[in-house]
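Take a look at the structure set out below.
The values are calculated or read from the model by the stated rules, or taken from the named source; none is laboratory data. Every value quoted in this text rests on a predicted model; they were computed, and no experiment measured them. Don't worry about glycine lacking a Cβ; one is built from the backbone with ideal geometry, like all the others, and counts go over all protein chains shown. In case anyone asks, the SASA skips ligands and DNA or RNA and just uses the protein heavy atoms, side chains included. Shrake-Rupley method; radii C 1.70, N 1.55, O 1.52, S 1.80 Å.
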Amino acid sequence: MIFIQNSITLICFALFIYYVGRTAAKICRPSLIEWLISSFILFASSIIVTGYCLSPLHLTANVWAWALSVFIPPTIIQLIFGLLSPQTTPFSPRQMAIKRWHAAQRWYASAGVYLQFLFGVMIVSVVVIGLINLVLVLFTVPNEWDSMTGHLNRVIQYIQRGSMAHFGGTNWNIDTYPKSVCTIQIYSYLITGKFENAFKLIHHASYWITLVCIFGITQRITKNRLNASFFCALAFAMFLDFLMQAITTETDIVLAAYLSCLLYFLFTYRLTKENRYLYLAALSFGVVYGHKVTFTLLLPSVFIVMLYTVFLKSKNQDSASVSLNINWPAIFKLGTAIVICFCIWTLPTGYVKNIQVFGHPIGPPTSLKHQSIERATSNGGFRNLFEQGSRNAVRYGYDFVNLDGLRNIKIGQDINRGMRKPLVWLEDKLKMRLDETTEFSIVPFSFERRFEFFNGNPYWGIFGFALVFPLVFLVLFGIVRSPAHWFLAIALLLHFAALSYSAPYDPWKGRYFQETGVFGVLFLSLLFTHKYSLAKSGYSVALKTYVGIVTVVACISALLSVFLNVRCLPFPALGKPSAFKTERIAMMTFARPDITKAYQKFDQIVPDSATVALGTINDDFEYPLYGKHLSRRLITINPFEKGVQPIPKEADYLFFSKNVIPPLPTDLRLGTDTTMKGLIVPGEDYYLRKLK
């Protein structure tokens, strides 16, 4: 019976994907790239709004409600677009895909020896990375810190409760974090027959759709130069902070995908002047803002791009330059559409509820003080914020200049250390005190970041400091002229500044620079549009050699970042077994190895169907406690900042830390390994009490 039900739900899933693709073909212009991007944003937006509607009806865990109701939003969206901007040129995505495949083959065959080598190395690297990542997604369990404490923990809570209503979890992220990504994870999990790794579906899809967007945006900027488009897309596939999240349930990669969709529609509007792209951009805006509040830090950057693509008219249809004439009709249409989409896809995600519960759209005062500008302004006002934020900007600049990926091996680490000696010497001579001043840091800055930081959360790698940033400054200083890239340079620097000044320094911040990378990678197109283009034969031998070396090193670094990712090793390495051979609890508690045996003992003792009261703390991993089949019911009795609550009568067991509840002589001590050193956060001393 279960097999039949799962088969039917999978058929419904396939039908929904087909229906979304069919709907997208009726909305967008005849373009394979555009069809893929439109299909993705329709897929995400339809599931999100469906989830918001099912939650108050207590149907969040009803697979049949999901299977049928997700067809309603794309139908409504299609009707609206049919009225506002009807499609007059129907096309077949399958036939177009075949044509584009043949065109790509002809393009590669017609390229010179140099470009064939350059693109050949990149394509092979991306294919290998893509295949390995796909296998890791399908056959390894999630084990990211935030997922174990918050992201996935609350998804299971919502399924068990049948609603996404506020309930007060142990970790403050559970209730305060926007819930739009939860709707997609819940749908993916239920519709695939409760396949746990389906939680990663939206994240892995985001990796590939972002590359499609980068390709499309580059085409819009360069007027369809395939060399530039392929190079930018393939290069971004190997931006290390980006590709590392393709196998996780972290949320930044999804934000990068939504942002890239938004940018694509904006640049396409500038080229076509068709209103449909204003409405698709507005839809993307509502979805991305509803996904994560850190999109607020991107608003100045997005405004700059809108200034170039929508607000200011181009001098003529084919001109890259802008005039000072304001496009008021387009501003009105875009603004109105954004307000409507903001109300539908952003407000319901939890911002209003946060204001009601915590008095702030982001969350409780404790979290704000820990991760916001208050840590700087409370000790010296805005003058101190400017000083500490400027110091953070330099810190992140230093973090960028690293051979991330390559330094996962000793020879790479030695090369990296030698390369950075002049930078360390310069900091010392300038007395910037980057590593000595700690008042605006979550974890103090260090010139030698911990292995866990650069292995699990790298920055852009060599592409960033060797190609992207030099090109950014060449554009800013007017040495290389390109109006589109000048606006992009301002957008990039605004986001870099926003990350530096808005919160304390964090060595895990590499993941936040994914969105900065969406702007940055577009500068690589200049390598094919300048007078010293790599596509020209006989020119700029030194430049071709330099770019070739950087690209090869970037490919090696990207491969090593995947092969030697200790959080999820595809093969045995660094004295550790592969992720496929690692026991489930040991895999999930990778970041907290001192608690592994305690959690394994809990898993052996407590039945899968038990109800367990949790007396845990904010940083405790709770997701592994649900069990292999995610069937244990967990009830929080120490909600964030509310104190210990009474143990519910329906609880069969009590799992707790002795720092939360004093243990009784009859309680079973599960314990932690107190002999381990160098832990980021030590585990608690855990106990188990049988209540029935």
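Residues checked against (1) closer than 20 Å to Leu494 by Cβ; (2) at pLDDT 95 or above; (3) open to solvent by 10 Å² or more (accessible area, probe 1.4 Å):
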site: Asn275; (1), (2), (3): no, no, yes
site: Leu280; (1), (2), (3): no, yes, no
site: Leu283; (1), (2), (3): no, yes, no
site: Val293; (1), (2), (3): yes, no, yes
site: Ser301; (1), (2), (3): yes, yes, no
The lone exception for Leu430 - which of (1) of a type in the set (A, V, I, L, M, F, W, C); (2) closer than 13 Å to Tyr505 by Cβ; (3) surrounded by fewer than 12 Cβ atoms within 10 Å (Cβ to Cβ) it fails: (2)
Is it fair to say Phe447 is assigned to a loop (DSSP other than H, G, I, E, B), within 18 Å of Gly405 (Cα to Cα) and in contact (Cβ under 8 Å) with a residue 12 or more places away in the chain? yes
Val155 without any contact (Cβ under 8 Å) to a residue 60 or more places away in the chain, open to solvent by 10 Å² or more (accessible area, probe 1.4 Å), among the β-branched types (Val, Ile, Thr) and part of a helix (DSSP H, G or I): no
In the range 373-391, which residues are under 25 Å from the mean Cα position of the chain (by Cα) and either open to solvent by less than 20 Å² (accessible area, probe 1.4 Å) or modelled with pLDDT of 75 or more (or both)? Gly389
Using beta carbons and a limit of 9 Å, which pairs, at least six apart or on different chains, have the first residue in the range 667-681 and farther than 27 Å from Asp652 by Cβ and the second one basic (Lys, Arg) and in a loop (DSSP other than H, G, I, E, B)? Gly678/Arg450; Leu679/Arg592; Ile680/Arg450; Ile680/Arg592; Val681/Arg592
Would you kindly identify the helices (runs of 4 or more DSSP H) lying entirely within the range 492-604 that contain at least 2 residues that are surrounded by fewer than 20 Cβ atoms within 10 Å (Cβ to Cβ) and not aliphatic (A, V, I, L, M)? 541-563
Enumeration of residues in the range 348-360 that are touching a residue at least 12 places away in the same chain (Cβ under 8 Å), part of a helix (DSSP H, G or I) and closer than 19 Å to Tyr289 by Cα: Pro348, Thr349, Tyr351, Lys353, Asn354
Any idea which of (1) within 22 Å of Ala165 (Cα to Cα); (2) more than 25 Å from the chain's Cα centre (by Cα); (3) not β-branched (Val, Ile, Thr) is the one Asn354 doesn't satisfy? (2)
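Residue by residue, here is whether (1) assigned to a helix (DSSP H, G or I); (2) open to solvent by 10 Å² or more (accessible area, probe 1.4 Å); (3) closer than 15 Å to Ser557 by Cβ; (4) among the aromatic types (Phe, Trp, Tyr) holds:
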{"site": "Tyr398", "(1), (2), (3), (4)": "yes, yes, no, yes"}
{"site": "Asn402", "(1), (2), (3), (4)": "no, no, yes, no"}
{"site": "Gln413", "(1), (2), (3), (4)": "yes, yes, yes, no"}
{"site": "Arg417", "(1), (2), (3), (4)": "yes, yes, no, no"}
{"site": "Thr437", "(1), (2), (3), (4)": "no, yes, no, no"}
{"site": "Trp460", "(1), (2), (3), (4)": "no, no, yes, yes"}
Taking the condition of being closer than 13 Å to Leu614 by Cα, under 37 Å from the mean Cα position of the chain (by Cα) and open to solvent by less than 80 Å² (accessible area, probe 1.4 Å), how many residues in the range 649-683 meet it? 8
Here is a check on your reading of the model: is Gly169 of a type in the set (Gly, Ala, Ser), open to solvent by 10 Å² or more (accessible area, probe 1.4 Å) and not in a helix (DSSP H, G or I)? no
Considering only the range 267-274, I want to know if a residue exists there that is without any contact (Cβ under 8 Å) to a residue 40 or more places away in the chain and assigned to a helix (DSSP H, G or I). no
Can you confirm whether the range 61-78 contains a residue that is more than 24 Å from Ser206 (Cα to Cα), open to solvent by 30 Å² or more (accessible area, probe 1.4 Å), in a helix (DSSP H, G or I) and among the small types (Gly, Ala, Ser)? no
Of the residues Trp425, Trp486, which is open to solvent by 10 Å² or more (accessible area, probe 1.4 Å) and either of a type in the set (Ser, Thr, Tyr) or over 29 Å from the mean Cα position of the chain (by Cα) (or both)? Trp425
Take the conditions touching a Pro at 6+ places or on another chain (Cβ under 9 Å), in contact (Cβ under 8 Å) with a residue 40 or more places away in the chain and over 16 Å from Ala484 (Cα atoms) and apply them to Tyr308. Does it pass? no
When restricted to Leu234, Leu211, Leu190, the only residue in a helix (DSSP H, G or I), farther than 26 Å from Ala103 by Cβ and either open to solvent by 10 Å² or more (accessible area, probe 1.4 Å) or hydrophobic (A, V, I, L, M, F, W, C) (or both) is Leu190
For the subset of the range 100-132 comprising residues that are of a type in the set (Gly, Ala, Ser) and over 32 Å from the mean Cα position of the chain (by Cα), which member is least open to solvent (accessible area, probe 1.4 Å)? Ala111
Tally, over the range 392-415, of residues that are under 20 Å from Leu434 (Cβ atoms), free of Cβ contacts under 8 Å to residues at least 40 places away in the same chain and more than 23 Å from the chain's Cα centre (by Cα): 0
Scan the range 610-642 for residues that are open to solvent by 30 Å² or more (accessible area, probe 1.4 Å) and over 16 Å from Tyr687 (Cα atoms) and jot them down. Asn618, Asp619, Lys628, His629, Ser631, Arg633, Phe640, Glu641, Lys642
Checking Ser163 against (1) open to solvent by 30 Å² or more (accessible area, probe 1.4 Å); (2) farther than 16 Å from Cys568 by Cα, the condition it does not meet: (1)
Does the range 240-248 contain any residue that is outside any helix (DSSP H, G or I), in contact with a Lys or Arg (Cβ under 8 Å, 6 or more places away or on another chain) and more than 19 Å from Pro30 (Cα to Cα)? yes
All but one of (1) at pLDDT 90 or above; (2) surrounded by 17 or more Cβ atoms within 10 Å (Cβ to Cβ); (3) β-branched (Val, Ile, Thr); (4) within 30 Å of Arg154 (Cα to Cα) hold for Val305; state the number of the condition that does not hold. (4)
Does Ala97 satisfy being at pLDDT below 90, farther than 30 Å from Phe563 by Cα, surrounded by 15 or more Cβ atoms within 10 Å (Cβ to Cβ) and more than 24 Å from the chain's Cα centre (by Cα)? no
Could you tell me which numbered condition Val20 fails, if it satisfies all but one of (1) part of a helix (DSSP H, G or I); (2) surrounded by fewer than 20 Cβ atoms within 10 Å (Cβ to Cβ)? (2)
What is the number of the single condition among (1) modelled with pLDDT under 70; (2) open to solvent by less than 10 Å² (accessible area, probe 1.4 Å); (3) part of a loop (DSSP other than H, G, I, E, B) that Gly363 does not meet? (1)
Would you pick out the residues in the range 415-466 that are within 30 Å of Ala256 (Cα to Cα) and basic (Lys, Arg)? Arg420, Arg449, Arg450
